[in-house]
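The values are calculated or read from the model by the stated rules, or taken from the named source; none is laboratory data. These figures come from a predicted structure and were not determined experimentally. As a convention, Cβ positions derive from the backbone with ideal geometry for all residues, glycine included, and neighbour counts pool all protein chains shown.
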Amino acid sequence: MRTTILFISIIVLTYGCSNSEVKEEGTQTVYVAINKNDTATLKIRLTDKDFYGQLETNYHGLYKDSGGVTGVVKGNILKGTYKFQHYGIEKWHSIPISLLKKDGKLIMGQGDMEIFMGIFYFKKNKPISYENPKFVFEKSKN
């Protein structure tokens, strides 16, 4: 009886670990940006249609924001949502994020935001600016 259960368990584990339906699209790329004493690290998987990953911003080495980014790719613009915890506090925040792909770098856009039903969005009538960005992400050399 024990050998039968052990045999079935091994078969289930082998099948589960070799299931070819689980696919990861894109390869993860690590980007780093520094602005004065603030450092941001973006670990992102990027395809032609969408992106997802992790963004961590360290402010002066005193505190940090950390969370996930997801969104869609339209040409050289990545638009999505950044869901993060501020200072590691349990409450989660969500804000829009926009990145411009240019010369192998990702430039973080800035724009006016509005709130609808408790969710932050970029204002539709206002353009997102990529001039004077807080962060310009470059591929990490590590």
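Some observations on this one:
- Counted residues, the range 120-142 - those being among the aromatic types (Phe, Trp, Tyr) and more than 18 Å from the chain's Cα centre (by Cα): 1
- Within the set Phe120, Phe116, the sole residue that is hydrophobic (A, V, I, L, M, F, W, C) and exposed (fewer than 11 other Cβ atoms within 10 Å of the Cβ) turns out to be Phe116.
- Filter result (under 22 Å from Glu56 (Cβ atoms) and either among the β-branched types (Val, Ile, Thr) or within 17 Å of the chain's Cα centre (by Cα) (or both)) within the range 105-119: Lys105, Leu106, Ile107, Met108, Gly109, Gln110
- Selection of the range 49-101 for residues being of a type in the set (Asp, Glu) and part of a strand (DSSP E or B) yields Asp50, Glu56, Asp65.
- Top-ranked residue of the range 21-68 - restricted to ones that are over 18 Å from Gly80 (Cβ atoms), at pLDDT below 95 and hydroxyl-bearing (Ser, Thr, Tyr), ranked as nearest to the chain's Cα centre (by Cα): Thr27
- Once the range 44-82 is narrowed to residues that are surrounded by fewer than 18 Cβ atoms within 10 Å (Cβ to Cβ) and among the acidic types (Asp, Glu), the residue that is farthest from Asp103 (Cα to Cα) is Glu56.
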